[in-house]
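The values are calculated or read from the model by the stated rules, or taken from the named source; none is laboratory data. This is a predicted model, so every value here is computed, not measured. All Cβ positions, even for glycine, are placed from backbone atoms using ideal geometry, and neighbour counts span all protein chains on display.
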Amino acid sequence: MREDERSGRPPGGRAPVRGAALLVAMLTVCAAEPVICAPPEDVKGAAAGISVPDPAATRVLAALEKAGWAPSEPLRTFSPENLYEEIDGEAELFLPYDFRSMTVAILKSALSPGVDLRLESYRHGTWKDAFGIFSQYRYPEQETVRVGTAEAAVSDASLDFFRGDTFIRMRVAAGTLSRRAIVSAGRAAIEAIGGPTAVPTGAVVVAIQSAVSGTIIYQKKAMLGYEPLAPGYEARFASGALSGKVVFMDGSKSGAGHLERLAKGLPGFREAGKGEWVAALPQGALYLAEAGTGTVGVLGKLSREQAAPFLAELLRNAASAGVLPAFR
């Protein structure tokens, strides 16, 4: 494990910025009445640009305190304007996903002496955006656990999950903590947040049988290295000697205007049949097919005949997910 993972500090990040004592006082008010947590502008300025945690973070912290984990130092909350102060080098990943705020807490428990548990609570504009960031932090074949109805990515010293518009990262920043203990803390946090835990429809479409576990990603800015393909979903697949990526672009990426953008942005883009297209990307041929309100695709060193079964499975998934009225 990297040193930055153990310490809880992002790769290349600066030392954490300490919050003002005023923030702690305001958090007490927020815990009682989270609905009225928006501080006036003069108070925000007094807190050196650091705002009060959003209601979801407040509920998570209250639930963790009931479970025995209490903040050991002032909380820190960051906006899109100053997120780089806490996760310098990673902030650019979060901002496209309608990032609103991030609250950081260092927690201690009398039941786990010598352990620092770092909590990062990220609030995004939508549930899909929160899933998108969660998907960016997954890695192939990573272990996952079901915590209630939510899926959490877990390791010996970390647990990540999303629910509603919130993405949570928990890290053992000092000492050692059992897998059971960090999952238990995660369960308390998950139960405190409302909202959906299921993955978006597009993630279901690309979840073909040969998809590699942990590689389904919601790309907001660019997909396969090309902005005209985003936003959309991608996943790696491996089937015998064949491998590559499958993609899905939802209804916002359909119609004549979208095809014009693809023609301008993708090398070698051309029509390959009714409702089908192909592009010549550096990674291989990208075969695309109309899928009701969206578009599915297969990328790799594949012939059209080799790509056909993967396209057919994507279309079946689209039909099952309601993207297509019925499989053609």
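Meeting the requirement of 2 or more residues that are closer than 29 Å to VAL212 by Cα, of a type in the set (A, V, I, L, M, F, W, C) and at pLDDT below 95, the strands (runs of 3 or more DSSP E) wholly within segment 50-162 are 144-147, 150-155.
Which is part of a loop (DSSP other than H, G, I, E, B) and surrounded by 14 or more Cβ atoms within 10 Å (Cβ to Cβ), of SER213, SER243?
The unique qualifying residue is SER213.
Scanning segment 256-281 for residues that are surrounded by fewer than 16 Cβ atoms within 10 Å (Cβ to Cβ), without any contact (Cβ under 8 Å) to a residue 24 or more places away in the chain and either in a loop (DSSP other than H, G, I, E, B) or not aliphatic (A, V, I, L, M) (or both) turns up GLY257, GLU260, PRO267, GLY268, ARG270, GLU271, GLY273, LYS274, GLY275, GLU276. Based on this model, can you work out whether VAL206 counts as over 29 Å from VAL52 (Cα atoms), touching a residue at least 24 places away in the same chain (Cβ under 8 Å), buried (at least 19 other Cβ atoms within 10 Å of the Cβ) and in contact with a Leu (Cβ under 9 Å, 6 or more places away or on another chain)? Judged against the criteria, VAL206 is a match.
Consider segment 67-99 and keep the residues that are without any contact (Cβ under 8 Å) to a residue 60 or more places away in the chain and touching a His at 6+ places or on another chain (Cβ under 9 Å). The one that is nearest to ALA56 (Cα to Cα) is PHE99. Scanning segment 170-210 for residues that are assigned to a strand (DSSP E or B) and basic (Lys, Arg) returns a single hit, ARG171.
Give me the residue from segment 317-328 that is of a type outside the set (S, T, N, Q) and surrounded by 14 or more Cβ atoms within 10 Å (Cβ to Cβ) and, out of that set, modelled with the lowest pLDDT. The qualifying residue modelled with the lowest pLDDT is LEU324.
Checking each residue in segment 117-173 for being within 18 Å of PHE94 (Cβ to Cβ) and of a type in the set (D, E, K, R) picks out ARG118, GLU120, ARG123, LYS128, ASP129, ARG138, ASP160, ARG163, ASP165, ARG169, ARG171.
Among the candidates ALA150, ALA207, single out the residue that is over 18 Å from PRO96 (Cα atoms), assigned by TED's automatic domain parsing to the domain that holds ASP116 and either more than 15 Å from the chain's Cα centre (by Cα) or among the hydrophobic types (A, V, I, L, M, F, W, C) (or both). Let's see the steps before the verdict.
Numbers: ALA207 fails: assigned by TED's automatic domain parsing to the domain that holds ASP116.
Result: ALA150 is the single residue among ALA150, ALA207 that is over 18 Å from PRO96 (Cα atoms), assigned by TED's automatic domain parsing to the domain that holds ASP116 and either more than 15 Å from the chain's Cα centre (by Cα) or among the hydrophobic types (A, V, I, L, M, F, W, C) (or both).
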